[in-house]
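See below for the structure under consideration.
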Amino acid sequence: MNARASGIFLHPTSLPSPYGIGDLGSQALRWIDRLAEAKQSFWQFCPLSPTGYGDSPYQALCSFAGNTLLISPDELRADGLLSEADLSAYPKLPDGHVDFGSVITEKKKLFRAAFAKFTDSPDFTEFCAKEASWLDGYALFRVVKTLHEERPWWEWEAPYKMRDESALKAAAKKSADELRYHKFLQYLFHKQWRKVRAYSKEKKVSLIGDVPFYTAYDSSDTWTEPAQFLFDDKVRPVAVAGVPPDYFSETGQLWGNPLYRWDAMKKDGYSWWRRRMQKTLELVDYIRIDHFRAFDSYWAIPYGSPTAVNGKWRKGPGRRFFDDIKKALGDLPFIAEDLGDITAGVIKLRETIKAPGMKILQFAFDSNPNNPYLPYNITKDSVTYTGTHDNDTSLGWFSTLSAKDNKRVCDYLRCDKGGFLEAFVRCALASSSWLCLIPMQDVLGLGAGHRMNTPGTMWGNWQWRMTPDAPVEEKMAALAELTRVYGRSAEGL
């Protein structure tokens, strides 16, 4: 744990690019340059997994695979897999948001063109062998999913749904080239990400990745290893995940993810989780564990319930889980997302494994002097954020407050309404937390309409992008100075 440091939260899809979505090409490297120039030591982002229904990185098609929409066409051209004509034919897509439907359609055309020129290399063969434990199952999942018109796997024909060995062998034999195509895309993602990660190390910028607590129901994880999940004999969930009513929703959040069969996982030393953590650490330096509180206890909602209200708390795997993971992998650099309904048990577990928790300034001003998010209550073993991907931008949040709450915030920050955002960012950087992370929307001073995600809603999320004409240099220079003032740059004061 560094003495004091800071960084920026920005998902790679939000980077500028001419292809309608951020990618792992030159703009990603330029972004790392900008972080280093602004004295930022960390870059945090959402899960890098391939997104499924709703385009959410927290509802991934596979916990081990990479999001191939992040593959850079420019890098493919540099590798000789695409021509200038291929790139010139790419249509103009919006700069300010991701139109996922169009991006998926257009990038698929480029990927198919690149695949047609690709010849297996020793590096590709080595990648396929090294990643076979998840890659083979994921590729077959994608192939069989396409055979069923992309329907979720529980709607497939019975032999495929129930993983009949002869049916799967026949599908694999018939679709051998398609299996190779999906492995090819994963190879490209990992190759390009290795370049990004190597550059981040060179620039001394640490990467914070995200591991969702749950997996998507429609994923290769659940289809290939159903014994790890709480399914009945017809591979239907017995209960599903979510959270009870909270700050974000009066009826709670019904996520719908299948629950884990923790008794089975415990018997083999949580091997699925070990593989998942190990894979994540190949890509990043720190792991933020989303919904950490579920390791202590989790909200189980009967399958088929219309809302999350009628759930029950069930005991999670607790300390034993982390002890087993540590035995296998050593001490891991965790950050615990410990927001929401937090009990003494959750706090104890977090402290036991020595994982810093999260402090969100937008949650601090409810008039309670004991509020744990108030800066004077924040401890060093934490990470302070102005807000997260699930919050409105700080300006957007401030604009929705009542006059009374506006005054409370401004009184605390000693500012007027016009000076709110700078004072708010200063307050976060001045906190006692060893690490402070600011969403890029707050660095740019963006208001309502620029948030990344609204919890409890399905569509219109994960689309925000940083436009090419955004005043990045000016805003990052100002952040660099604040980083120095509050002792979070490598050079200190």
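Structure summary
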| read-out | value |
| --- | --- |
| Of all residues in the stretch 321-342 being more than 21 Å from the chain's Cα centre (by Cα) and of a type in the set (G, A, S), the one that is surrounded by the most Cβ atoms within 10 Å (Cβ to Cβ) | A328 |
| Residue that is surrounded by the fewest Cβ atoms within 10 Å (Cβ to Cβ), among those in the stretch 64-76 that are under 22 Å from the mean Cα position of the chain (by Cα) and in a helix (DSSP H, G or I) | T68 |
| Of residues in the stretch 344-367 being closer than 14 Å to H291 by Cβ and of a type outside the set (A, V, I, L, M), the one surrounded by the most Cβ atoms within 10 Å (Cβ to Cβ) | R350 |
| Selection count where residues are in a loop (DSSP other than H, G, I, E, B) and surrounded by 23 or more Cβ atoms within 10 Å (Cβ to Cβ), scope the stretch 219-251 | 1 |
| Residue under evaluation V243, criteria (1) touching a residue at least 60 places away in the same chain (Cβ under 8 Å); (2) touching a strand residue (DSSP E or B) at 6+ places or on another chain (Cβ under 7 Å); (3) at positive phi, criterion not met | (3) |
| Any chance Y214 is among the hydroxyl-bearing types (S, T, Y), in contact (Cβ under 8 Å) with a residue 60 or more places away in the chain and within 25 Å of G137 (Cβ to Cβ) | yes |
| Residue that is crowded, with 19+ Cβ neighbours inside 10 Å and of a type in the set (D, E), where the choices are D55, D95, D79 | D55 |
| Some residue of the stretch 22-41 being assigned to a helix (DSSP H, G or I), closer than 30 Å to P258 by Cα and either touching a Pro at 6+ places or on another chain (Cβ under 9 Å) or modelled with pLDDT under 95 (or both) | no |
| Selection count where residues are under 23 Å from the mean Cα position of the chain (by Cα) and closer than 30 Å to R451 by Cβ, scope the stretch 106-140 | 2 |
| Criterion: crowded, with 16+ Cβ neighbours inside 10 Å and in contact with a strand residue (DSSP E or B) (Cβ under 6 Å, 6 or more places away or on another chain) - qualifying residue of S382, S394 | S382 |
| When residues of the stretch 119-138 are limited to those that are of a type in the set (G, A, S) and touching a residue at least 12 places away in the same chain (Cβ under 8 Å), the one surrounded by the most Cβ atoms within 10 Å (Cβ to Cβ) | G137 |
| Extreme residue, farthest from I21 (Cα to Cα), among residues of the stretch 455-478 that are without any contact (Cβ under 8 Å) to a residue 24 or more places away in the chain and in a loop (DSSP other than H, G, I, E, B) | T457 |
| Residues (touching a residue at least 60 places away in the same chain (Cβ under 8 Å) and more than 28 Å from the chain's Cα centre (by Cα)) located in the stretch 83-102 | none |
| Criterion (free of Cβ contacts under 8 Å to residues at least 40 places away in the same chain and more than 26 Å from F213 (Cβ to Cβ)) met by exactly one of G80, G20 | G80 |
| Any hit, the stretch 252-261, residues being out of contact with any strand residue (DSSP E or B) (no Cβ under 7 Å at 6 or more places or on another chain) and not in a strand (DSSP E or B) | no |
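Residue-wise test of (1) of a type in the set (S, T, N, Q); (2) loosely packed, with under 15 Cβ neighbours inside 10 Å; (3) within 18 Å of G396 (Cβ to Cβ).
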site	(1), (2), (3)
L446	no, no, yes
G449	no, yes, yes
M452	no, no, yes
N461	yes, no, yes
P468	no, yes, no
P471	no, yes, no
E474	no, yes, no
A478	no, no, no
G487	no, no, no
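The values are calculated or read from the model by the stated rules, or taken from the named source; none is laboratory data. Model, not experiment: these values are computed from the prediction. With ideal geometry, Cβ positions are generated from the backbone for all residues, glycine too; neighbour counts draw on all protein chains shown.
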